[in-house]
Amino acid sequence: MTRVRRIPPGKTIGILGGGQLGRMLAISARQLGYRIGVFTSEVNSPGAQLADEVIVAPYEDLSAVHRFAQRVDVVTFEFENVPASAAKIAQERVPVWPDPTLLFVAQNRIREKSEVQRAGFLVTPFAPIRSVADLEPALKRVGPKAVLKTATAGYDGRGQGIVSSLEAAEEMYAELGYGECILEAFVPFERELSVVVARGQTGELVDYGVFENAHVDHVLDCSVSPPRIEPRVEEQARLLARTVAERLELVGVLCVELFLSPSGEVLFNELAPRPHNSGHLTIEAYSASQFEQQLRAVCGQALGSVHRRAPAAAMVNLMGELWTYDLDGAIVREPDWQSMLKHRACHLHLYGKRTPRLGRKMGHITTLAETPELALQKALAARSALLAAA
Ligand code: AMP
């Protein structure tokens, strides 16, 4: 049993990473009375805008990480692609949650799939790729249609591509830089699902049920809760997530992303040891959000309630595509915030990113309603209003 290391309000929580997840963690931390330190490689990041202490340096700068650890009382992550050496340096001085050993598993698609397989669950069929020679036998095993992904450091659809022939696989492997990759069977899924689990230092475990997700170009577009799936599938998905959290001795928040296959099987795709885009609706839809749970867990507090505040909720992402650009990429029109804000049942979240870009997550909208269909309909209508003619 882990010794509980309690960090009371008033102390400083250090976040490695300065993106929107760090920003929403910081908002929640401020509400709970904590101070915030952010370590980020990016100037003027969304998280740093809300922090009390900011260090801008590469994650590889271990002396900067050491300085950061001296200014905070506990360290957590909003971004998992932090070098293990940085997490270890921080751990010499303060508690670091989730533990860097969990990070080590979650940073590599081959390691995480192998771990979930060992736990007795189905995963997307896969083969490790470590050289060009691995491609042909791998494609024979998992193909003919497959997805080639970098084993590490990929996110939001970056570092992956669909391949249906050896030539295409070789081309994609070259494009991905010949590093360690994974070739996965292309799953013609029925639905994409995710489960966010929080686990405290005493082993207390909660989840928010299953979220149903839709992606566009490999990037999350919208999530709804509750999902429109059979109770059997929901139980299986939750069991998988809770088992993985326990096996990896999670302290904090973890999300598993899953595919529901056409034959009704739940297949593990990937895990993220941090709050997740599909869990953003927990801010309005549940008593305690995924961000509050992460803070409670890493500070050794009891977890918050996962009582639902509404029968259904939906979240839609706001991407850089909602801005209008000229041929040089300069912004010629902002989204129509006034029209959107007339949708009074919608909650707008903007991440404070100065430069919108195609494919960049700029914010999201959450709606609560009586049914998932109605919630999604309202959220989509509010998003469409952003494109209203000027
Ligand atoms: P990932 O980075 O693994 O979460 O992939 C991003 C998105 O790409 C997923 O949510 C799916 O929409 C799609 N995708 C990834 N892997 C596969 C696969 N093996 N089969 C079908 N679609 C996939």
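Please treat every number below as a calculation from the coordinates, not as lab data. Bear in mind that the values here come from a model prediction, so they are computed numbers and not experimental data. Glycine gets a Cβ as well: all are built from the backbone with ideal geometry, and neighbour counts include every protein chain shown.
Per 5 Å bin, what is the whole-percent P(r) computed from every C-alpha pair distance within the range 191-385?
1, 8, 16, 18, 19, 16, 11, 7, 3, 1, 0, 0
Just how large is the dipole of the range 53-112 about the Cα centre, in debye to the nearest 20, putting +1 at every Lys and Arg Cβ and -1 at every Asp and Glu Cβ? Each step should come with its number before you reach the end.
Details: 6 positive and 9 negative charges, 24 e Å.
Using Cβ point charges on Lys, Arg, Asp and Glu, the range 53-112 gives about 120 debye.
What distance in nm separates the simple spin-label points at SER305 and LEU32, each placed 7 Å from Cα in the Cβ direction?
So the label points at SER305 and LEU32 sit 1.7 nm apart.
Give me the Kirkwood hydrodynamic radius of the range 12-96 in Å, from all C-alpha pairs, to one decimal place? Write out the running numbers ahead of the final one.
Details: mean 1/r = 0.0825 Å⁻¹.
Result for the range 12-96, one decimal place: 12.1 Å.
Placing +1 at every Lys and Arg Cβ and -1 at every Asp and Glu Cβ, with all other atoms neutral, what dipole size does the range 259-390 have around its Cα centre, in debye to the nearest 20? If you can, show how the numbers build up before the last one.
On the way: 14 positive and 11 negative charges, 73 e Å.
Here the range 259-390 has a charge dipole of around 360 debye.
Once you have the Kirkwood Rh of the chain from its Cα pairs, apply Stokes-Einstein at 37 °C and 0.692 mPa s and quote D in µm²/s. Mind showing how you got there, number by number?
On the way: Rh = 21.6 Å.
D = 152 µm²/s.
What's the ranking of 73-81, 50-58, 378-386 by average number of surrounding C-beta atoms within 10 Å, highest first? List each step's numbers first, then the result.
Working: 73-81: 23.2, 50-58: 17.6, 378-386: 19.8.
Output ranking for 73-81, 50-58, 378-386: 73-81, 378-386, 50-58.
Quick check: residue separation of LEU341 and LEU205 times 0.36 nm, minus the Cα distance between them. What number comes out in nm?
On the way: separation 136, 0.36 × 136 = 48.96 nm, distance 3.65 nm.
Full extension of this stretch gives 45.3 nm more.
Determine, for LYS145, LYS361, LYS113, the number of other Cβ atoms within 10 Å of each Cβ, and report the residues in order from fewest to most. Working shown, then result.
Numbers: LYS145 14, LYS361 18, LYS113 23.
By the 10 Å Cβ count, ascending, the order reads LYS145, LYS361, LYS113.
Taking the dipole about the Cα centre of the range 125-185, with the C-beta of Lys and Arg at +1 and of Asp and Glu at -1, give me whichever of PHE126, GLN160, ALA146 is farthest to the positive side.
Value: PHE126.
Mind putting a number on the dipole of the range 125-185 about its Cα centre? Charges go on the C-beta only, +1 for Lys and Arg and -1 for Asp and Glu, and I need it in Debye to the nearest 20.
Details: 6 positive and 9 negative charges, 44 e Å.
So the dipole magnitude of the range 125-185 works out to roughly 220 debye.
Nearest 0.05, what FRET efficiency do LEU348 and LYS140 give at R0 = 41 Å with Cβ-Cβ as r? It would help to have the intermediate numbers written out before the result.
Details: r = 49 Å, r/R0 = 1.20.
About 0.25, to the nearest 0.05.
If I take R0 = 51 Å and measure r between the Cβ atoms of ALA84 and GLU235 in this structure, what FRET efficiency does the formula 1/(1 + (r/R0)^6) give, to the nearest 0.05? Before the final figure, lay out the partial values.
On the way: r = 34 Å, r/R0 = 0.67.
Efficiency at R0 = 51 Å is approximately 0.90.
For a quick protection proxy, order the peptides 102-109, 6-13 by their average other-Cβ count within 10 Å, most packed first. Numbers along the way, then the final one.
Working: 102-109: 20.6, 6-13: 15.1.
Taking the mean over residues of other Cβ atoms within 10 Å, the ranking is 102-109, 6-13.
Express the relative contact order of the range 191-385 as a whole percentage, based on alpha carbon pairs under 8 Å and six or more residues apart in sequence.
It comes to 21 percent, rounded to a whole number.
Can you tell me which of 16-27, 31-42, 265-276 comes out highest on packing, and rank the rest after it, using the mean Cβ neighbours within 10 Å? List each step's numbers first, then the result.
Values: 16-27: 26.0, 31-42: 20.7, 265-276: 23.6.
Highest to lowest by the protection proxy: 16-27, 265-276, 31-42.
Computed over the Cα atoms of the range 125-185, what is the convex hull's projected area averaged over all directions, in nm²?
Working: hull surface 13.4 nm².
The orientation-averaged projected area of the Cα hull of the range 125-185 comes to 3.3 nm².
For the range 190-228, run through the trypsin sites (Lys or Arg not before Pro) and keep only the ones in DSSP coil with at most 15 other Cβ atoms within 10 Å of their Cβ.
Working: sites: ARG191, ARG199, ARG228; in loops: ARG228.
Filter output for the range 190-228: ARG228.
Given q = 0.19 Å⁻¹, what are the Debye log10 I(q)/I(0) values for the range 78-150, with equal point scatterers placed on the Cα positions and solvent ignored?
-0.86
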